[in-house]
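Beneath this line is the structure, given in C-alpha cells, with notes to follow.
The values are calculated or read from the model by the stated rules, or taken from the named source; none is laboratory data. All figures in this text were calculated on a predicted structure; none of them were measured in a lab. Here the Cβ positions follow ideal geometry from the backbone for every residue, glycine too, while neighbour counts run over all protein chains shown.
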Amino acid sequence: MKKTMAILLALTMMALAFGCTPATPAPPTAPPASPSTPSEEPPKAPEAQGSVYYLNFKPEQDEQWQALAAAYTAETGVPVTVVTAASGTYETTLTSEMAKSEAPTLFQVNGPVGLANWKDYCYDLSGSAVYGELTSDDFALKEGNTVYGIAYVIETYGIIANTALLQKAGYKVADIKNFASLKSIAEDITARKADLGFSAFSSAGMDPSSDWRFKTHLANLPIYYEYKADNIGDTAAIKGTYLDNYKAIWDLYINNSTVSPKELAAKTGNDAVSEFVNNEAVFYQNGTWAYNDVKALGDENLYMIPIYIGAEGEENQGLCTGSENYWCVSKNAPEENIKATLDFMNWVVTSETGTTALANEMGFVCPFKAAKPSANPFVTIASEYIANGKTSVAWCFSTMPSEEWKNGVGSALTAYAAGTGKWDKVVSAFVEGWAAEYNLNRA
Amino acid sequence: MEKATKKYWPLFVLPTLGAFIIGFVIPFAEGIWLSFCKFTTVNNAQWVGFGNYSKIWLDNTFTQAFAFTALFTVVTTILINVLAFAVALLLTRGIRGTNMFRTVFFMPNLIGGIVLGYIWQTLLNSLLMLLEKPLLTLDARYGFWGLVVLMCWQQIGYMMIIYVAGLQNVPLELLEASHIDGATPAQTLFKIKIPMVMPSITICTFLTLTNSFKLFDQNLSLTGGEPAHASEMLALNIYNSFYARAGAQWKGIGQAKAMVFFLLVVIIALIQLRLTRAKEVQQ
C-alpha cells in the first residue's frame, strides 16, 4: 500500500514538473503565444513559403493590424503573425522575442539612437521594393548606402485646442500667433477661471503614462531651435540656448492648468484626456495619434495649434511633424521569411486593402507613393499649415542620447513644478545630462 | 521504509532536480557567462572579458542604489520581524476570532507586488496631498517610507504565520514550569519563548532580508526610482542599465551588476544565517 502511494505521489510530482518545463526550450513550431496572436490558423502553406512575424509597437492600432494580417493571409496564404507589445514595453519585449528561435521578422526602432541597439540585426533594405515606394529618402534610416529602417507613419503633434471653449472665452484660434498671444490668452482664461468654469491647459501629468509629452515632445522644441541656429542635425553636447523658452512654456502649462502644479507628479495621461474631453480645459498637448481619445468633442470643435515657445521667427512655425516609427527587417530570419516579410510590407503600402487600412482604419499618414490621404482631421490641419507656408518642426528627439536622459529631464521638470527643485536642475539635467549620457553610450 | 527510499529515490529527486536545473542552474550559468559578454539578445553574445565589471561604477548610480537598498533592508527586516512576532504573540493567546485575524493579516501577501505598488501609490499620494506635502515621486524620504509601509503591510502576515507555528511548538511544560517558578511575562518571553522560536526567527529574518534586498516590483510601481534615481534599489538599477540606456554594451554591464548583486545577497544572507543559527537551542 505504501509502495503504491509512493509511486503515485512520485508520478504526480513528475507530471507537475514536466507539465511546467516545456515553456523553457521554445517549441520550434508555434509562434509565441500571446493574447494578440490571431486565433485562426492560416491554411497550410506549400513548402519553402515563408511566414511573417510582426512585432507591432502601437497598441492603439493592434486590432487593425490583426485584421490586415488576416486579410493578407486570406489573399496569399502566407501566414502573418502580429504581436503587439504592451504600452511602454516594446524594447523589453523585442529583446526577449529576438532571442527566440521564432523571432520577429519585422520589428521597429525609434530612430538613430534606438537603431544603435539593433543595427546588427537589421537587413539592408536598400534593394527592396518597399524602399522604392518611399516618397523621399528623408524617411529612411540610412548609414552610408545601407538602409536599416523605413519610416512607415508620419505623425504630428502640437497643442490640441477645444475651439468651442476658446470661443466661450472670447477668442478664436487665429488669435494665437506666437508665444506672447498664447500666454496672454491662457493667463486671461486663468484669471476668469471661476466665471468660465474651465482652465487653459489640461494637467501636464508627470506620471510615466504622460511625462513623455513634456520630457520628450516639448523638449524637442528647444532642441529643434538650437539645431536650427547652429545648423546641425545632432550633437554630442547640447548647449541649451533655448532653455529659457522651455521654461517659459513649461511655466505657462503648469500655472494655467486644471490642477495645482504640486499635484502634477501623480497625474496620468488619462487624467489629461478626461479633463479635455469633459470641457475642463481648452488646450491639451498631444498628437495626431490622440484623435480617437478626443473625437467625442466633435471634429468641428477640435483644432491643433503649434507649440510656440517664443523663439524668433515663430510666426512661421508649423506643427511638429516627423516619425519615430521605423520598420526594420530581421536579417537573421530564414531567407524565405525575409522574402515573405518584404512582400508583406510592399503589399501593405501598395495594395488597395493595405493603403486603405493604413489611411482609414489606422488614420496614418504614410510616406509612400501609393498612400491614401488619412481620415484623421488633425492630419488635414497639419497639411493646411504646410499649404499656408508654415515650416514644420522636425522631430529632433530621436537624437536624444537615451531614455535615461529623458528620465533625468522629466524628473527635474516634475520637481520644479512641485517646487521641490529649482530650474537649474532642469538645465543641468538637459545640458550636462546630455553630454554625460552621450559619453556613456560610447562607454 | 528505508529500503523503499533507497529504491525509489530517483523518482522523487529527479523531477525536481530536472526542473531546478532547467529553471535555475542553466540560466544562472548563462548569466555568469553573459556578464563577460557584450550582447543585445542572449543568443548572440560576444566575449569582452572583465570590461563589464570595470564599468559598473561608470554611471554613478550603483553605489547610491546600494546605500538605499541597504538602509531599506535594515529598516524593513527589523520592523517586519518585530511587528510580525508581536502580532503572532497576540494571536496565540486564544482571543476570539483568532483564525479570522490570522487569515486577514495573511491576505495582503496574496496580491502581486506591482498591483500593491500602484494601490499604495494612490493611497499614499492622496494622503500626502491632504497633508500638502510633496508626492511620493518628488521626495525620496517619502518614497523610502512608502516602500517600508508597503513591505510591512505585505510581509507581516506571512512572517506572522511562521511565528505562530513556532510559538505553538513551545512546550507547555516549559511555560508551566516558568510560571510556577514565578517568571514575569517579560522573562517568559525573553528567556523561553524567543530562544524556543529561534529557528522561526532564522527563517523569517532570512526571508525578509533577502526579499527586501531583492525588491523590484514594488519599487518599480510605487516610485519608479524617482526622483532622479534617489529611491532606486539595486534590482531596479540593474533593470534600468539594461533598458534605459542606449548601446549594446549596457546589457553586459547590467549583467555584471547583477552578478555583483548576487554575490552581495549571498554574503549578507550567509552572515545572517550564521548569526541567528548560533542562537538556536535544542529542544
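If you check B:Ile32, B:Ile114, B:Ile80, B:Ile95, which single one turns out to be among the hydrophobic types (A, V, I, L, M, F, W, C), in a loop (DSSP other than H, G, I, E, B) and either in contact (Cβ under 8 Å) with a residue 24 or more places away in the chain or surrounded by fewer than 14 Cβ atoms within 10 Å (Cβ to Cβ) (or both)?
On the way: B:Ile32 fails: in a loop (DSSP other than H, G, I, E, B); B:Ile114 fails: in a loop (DSSP other than H, G, I, E, B); B:Ile80 fails: in a loop (DSSP other than H, G, I, E, B).
Testing whether each residue is among the hydrophobic types (A, V, I, L, M, F, W, C), in a loop (DSSP other than H, G, I, E, B) and either in contact (Cβ under 8 Å) with a residue 24 or more places away in the chain or surrounded by fewer than 14 Cβ atoms within 10 Å (Cβ to Cβ) (or both) leaves just B:Ile95.
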Residue match in segment B:116-126 (condition: under 17 Å from B:Ile203 (Cα atoms) and among the aromatic types (Phe, Trp, Tyr)): no
Any hit, segment A:254-277, residues being crowded, with 19+ Cβ neighbours inside 10 Å and farther than 30 Å from B:Tyr142 by Cα: yes
Residue list for segment A:94-115, restricted to those being under 18 Å from the mean Cα position of the chain (by Cα) and either at the interface with chain B (Cβ under 10 Å from one of its Cβ atoms) or under 19 Å from A:Ser51 (Cβ atoms) (or both): A:Leu94, A:Leu106, A:Phe107, A:Gln108, A:Pro112, A:Val113, A:Gly114, A:Leu115
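For the structure I just gave you, tell me whether A:Glu312 is assigned by TED's automatic domain parsing to the domain that holds A:Trp250, out of contact with any helix residue (DSSP H, G or I) (no Cβ under 7 Å at 6 or more places or on another chain) and either part of a loop (DSSP other than H, G, I, E, B) or under 30 Å from A:Glu75 (Cα atoms) (or both).
yes
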Hey, B:Ser221 more than 14 Å from chain A (Cβ to nearest Cβ), of a type in the set (S, T, N, Q), crowded, with 17+ Cβ neighbours inside 10 Å and touching a helix residue (DSSP H, G or I) at 6+ places or on another chain (Cβ under 6 Å) or not: no
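Here are B:Thr5, B:Thr41: which of them is surrounded by fewer than 16 Cβ atoms within 10 Å (Cβ to Cβ), among the hydroxyl-bearing types (Ser, Thr, Tyr) and without any contact (Cβ under 8 Å) to a residue 12 or more places away in the chain?
Working: B:Thr41 fails: surrounded by fewer than 16 Cβ atoms within 10 Å (Cβ to Cβ).
Result of the check over B:Thr5, B:Thr41: B:Thr5.
Here's a check for you: in segment A:339-376, which residue that is part of a helix (DSSP H, G or I) and touching a strand residue (DSSP E or B) at 6+ places or on another chain (Cβ under 6 Å) is farthest from A:Glu63 (Cα to Cα)?
Filtering segment A:339-376 down to residues part of a helix (DSSP H, G or I) leaves A:339-350, A:352-361.
If we keep only those that are touching a strand residue (DSSP E or B) at 6+ places or on another chain (Cβ under 6 Å) too, we end up with A:340-341, A:344, A:349.
Details: A:Ala340: 22, A:Thr341: 19, A:Phe344: 17, A:Val349: 18 Å.
Filtering first and then ranking leaves A:Ala340.
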Qualifying residues in segment A:418-442 (those that are modelled with pLDDT of 90 or more and within 15 Å of A:Ala265 (Cβ to Cβ)) - the one nearest to the other protein chains (Cβ to nearest Cβ): A:Lys425
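Which ranges mark the helices (runs of 4 or more DSSP H) fully within segment A:113-215 that have 3 or more residues being in contact with a Cys (Cβ under 9 Å, 6 or more places away or on another chain)? Step through it out loud before you land on a result.
Numbers: elements: A:129-132, A:163-168, A:179-191, A:193-196.
Result: empty, no element qualifies.
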Check on B:Phe50, surrounded by 16 or more Cβ atoms within 10 Å (Cβ to Cβ) and within 30 Å of A:Trp405 (Cα to Cα): no
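Let's see how each residue does on (1) at pLDDT below 85; (2) within 29 Å of the chain's Cα centre (by Cα); (3) farther than 14 Å from B:Gly254 by Cβ:
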site: B:Thr5; (1), (2), (3): yes, no, yes
site: B:Leu14; (1), (2), (3): no, yes, yes
site: B:Phe24; (1), (2), (3): no, yes, yes
site: B:Asn44; (1), (2), (3): yes, no, yes
site: B:Asn52; (1), (2), (3): yes, yes, no
site: B:Leu58; (1), (2), (3): yes, yes, no
Tabulated pairs, segment B:55-67, first more than 15 Å from A:Ala436 (Cα to Cα), second buried (at least 18 other Cβ atoms within 10 Å of the Cβ) and acidic (Asp, Glu), C-beta under 8 angstrom, 6+ apart or interchain: B:Gln64/B:Glu232; B:Ala65/B:Glu232
Hits in segment B:1-60 - residues which are more than 10 Å from chain A (Cβ to nearest Cβ), aromatic (Phe, Trp, Tyr) and under 27 Å from A:Ala333 (Cβ atoms): B:Trp33, B:Trp47
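Quick one: is A:Lys339 at negative phi, away from chain B (no Cβ under 14 Å), among the basic types (Lys, Arg) and in contact (Cβ under 8 Å) with a residue 24 or more places away in the chain?
Details: at negative phi: yes; away from chain B (no Cβ under 14 Å): yes; among the basic types (Lys, Arg): yes; in contact (Cβ under 8 Å) with a residue 24 or more places away in the chain: yes.
So A:Lys339 fits the description; yes.
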Which numbered condition A:Pro104 misses (of (1) part of a loop (DSSP other than H, G, I, E, B); (2) modelled with pLDDT of 85 or more; (3) out of contact with any helix residue (DSSP H, G or I) (no Cβ under 9 Å at 6 or more places or on another chain); (4) not hydrophobic (A, V, I, L, M, F, W, C)): (3)
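Keeping to segment A:217-274, report how many residues are part of a loop (DSSP other than H, G, I, E, B), within 14 Å of chain B (Cβ to nearest Cβ) and within 21 Å of the chain's Cα centre (by Cα). So that I can check it myself, show each step before the final result.
To start, the set of residues in segment A:217-274 that are part of a loop (DSSP other than H, G, I, E, B) comprises A:219, A:231-242, A:256, A:258-260, A:267-268.
Now restrict to residues that are within 14 Å of chain B (Cβ to nearest Cβ): A:234, A:236, A:259-260, A:267-268.
Right, trim to within 21 Å of the chain's Cα centre (by Cα) and you get A:234, A:267-268.
Number satisfying all stated conditions: 3.
How many residues, within segment B:125-137, are among the aliphatic types (A, V, I, L, M) and either under 19 Å from B:Leu71 (Cβ atoms) or in a loop (DSSP other than H, G, I, E, B) (or both)?
At the first step, the residues of segment B:125-137 found to be among the aliphatic types (A, V, I, L, M) are B:127-131, B:135-136.
Still in the running and either under 19 Å from B:Leu71 (Cβ atoms) or in a loop (DSSP other than H, G, I, E, B) (or both): B:131, B:135-136.
Here the count works out to 3.
Just give me the residues in segment A:406-417 being without any contact (Cβ under 8 Å) to a residue 40 or more places away in the chain and more than 9 Å from chain B (Cβ to nearest Cβ), in sequence order. Please lay out each step first, then the result.
First pass over segment A:406-417, keeping only residues without any contact (Cβ under 8 Å) to a residue 40 or more places away in the chain: A:408, A:411-412, A:415.
Result: no residue meets the conditions.
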Residue that is nearest to the other protein chains (Cβ to nearest Cβ), among those in segment A:60-92 that are over 17 Å from A:Met345 (Cβ atoms) and acidic (Asp, Glu): A:Glu91
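List the helices (runs of 4 or more DSSP H) inside segment B:216-283, counting only whole elements, that have at least 3 residues being without any contact (Cβ under 8 Å) to a residue 60 or more places away in the chain. Walk me through how you get there before you give the answer.
Details: elements: B:217-222, B:234-243, B:249-278.
Here the list reads B:234-243, B:249-278.
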Residues of segment A:396-405 that turn out to be more than 10 Å from every other protein chain (Cβ to nearest Cβ), surrounded by fewer than 24 Cβ atoms within 10 Å (Cβ to Cβ) and not small (Gly, Ala, Ser), as a count: 2
Test set (1) out of contact with any His (no Cβ under 7 Å at 6 or more places or on another chain); (2) buried (at least 16 other Cβ atoms within 10 Å of the Cβ) - A:Tyr157 fails condition number: (1)
So A:Glu384, is it away from every other protein chain (no Cβ under 11 Å) and of a type in the set (D, E, K, R): yes
